[in-house]
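Structure first, commentary second.
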Amino acid sequence: MTSDLTVRIGDVERVLPTVRTGNLGRVPLVEFIGDPEFTNAAAQALLPLIPAGTEILLTVVTNALPLTHELSDRSGLPYVCARKKRRTYMQQPLIQDVPSLSLGVAETLWLDGPHASRLRGRQVAIVQDVIASGGTARALAKFVVQAGGTVSGYLAAFRQGQPPLDVTVLQELPRRVP
């Protein structure tokens, strides 16, 4: 038997299925890809929470990308996206390893050099769909520092547990679901 979890953002309600992942047991699965109504509701709710002085947003593919795109569209702030695979066209990419406790596997993130240069001298807000251990957020923050920018803050639609970062979120999700 699986336990689903119902969340509400504004007027939009979603039943999140739970999935087994890594060492955490069952966790709620947040999906923004393919759900514009849910994505738009989260972006609208996050809009007033963007840290003051932010000049650009930074995210990672995949699920956080539509959320960041909608947040960019509403705020007028540009965004940059790190990838989970090296692409052949990348020029002098920055590379960060991410030990993901949530997924139970390590990942490598890649930020194309020309994209990294857009962070130089700028206040950068890191945007994610869900922050659990904070590993991905810390890796993104390292990109900002390597590129010569400053992290203005961390935004996420949801948080699971207590990552060791000061993260602005819309809602808490349980760390585990029975």
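Key figures for this structure:
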{"quantity": "Condition check for Leu67: modelled with pLDDT of 90 or more, part of a loop (DSSP other than H, G, I, E, B) and either touching an Asp or Glu at 6+ places or on another chain (Cβ under 7 Å) or open to solvent by less than 10 Å² (accessible area, probe 1.4 Å) (or both)", "calculated": "no"}
{"quantity": "Failed condition for His115, given (1) assigned to a helix (DSSP H, G or I); (2) surrounded by fewer than 17 Cβ atoms within 10 Å (Cβ to Cβ)", "calculated": "(2)"}
{"quantity": "Any hit, segment 134-149, residues being touching a Pro at 6+ places or on another chain (Cβ under 8 Å), within 22 Å of Glu107 (Cβ to Cβ) and touching a residue at least 40 places away in the same chain (Cβ under 8 Å)", "calculated": "no"}
{"quantity": "All positions within segment 131-178 that are assigned to a helix (DSSP H, G or I) and open to solvent by 20 Å² or more (accessible area, probe 1.4 Å)", "calculated": "Thr136, Arg138, Lys142, Val145, Gln146"}
{"quantity": "Some residue of segment 49-66 being of a type in the set (S, T, N, Q) and in contact with a Pro (Cβ under 7 Å, 6 or more places away or on another chain)", "calculated": "no"}
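Residues are listed down the side, and each one gets a yes or a no for (1) part of a strand (DSSP E or B); (2) crowded, with 19+ Cβ neighbours inside 10 Å; (3) of a type in the set (Val, Ile, Thr); (4) free of Cβ contacts under 8 Å to residues at least 12 places away in the same chain:
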residue	(1), (2), (3), (4)
Thr62	no, no, yes, no
Ser72	no, no, no, no
Ala82	yes, yes, no, no
Asp97	yes, no, no, no
Glu107	yes, no, no, no
Val127	yes, yes, yes, no
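The values are calculated or read from the model by the stated rules, or taken from the named source; none is laboratory data. As the structure is a prediction and not an experimental result, all values here were calculated from the model. Every residue, glycine as well, gets a Cβ built from its backbone with ideal geometry; the counts of neighbours run over all protein chains shown. Accessible surface areas use protein heavy atoms only, side chains included; no ligands, DNA or RNA. Shrake-Rupley method; radii C 1.70, N 1.55, O 1.52, S 1.80 Å.
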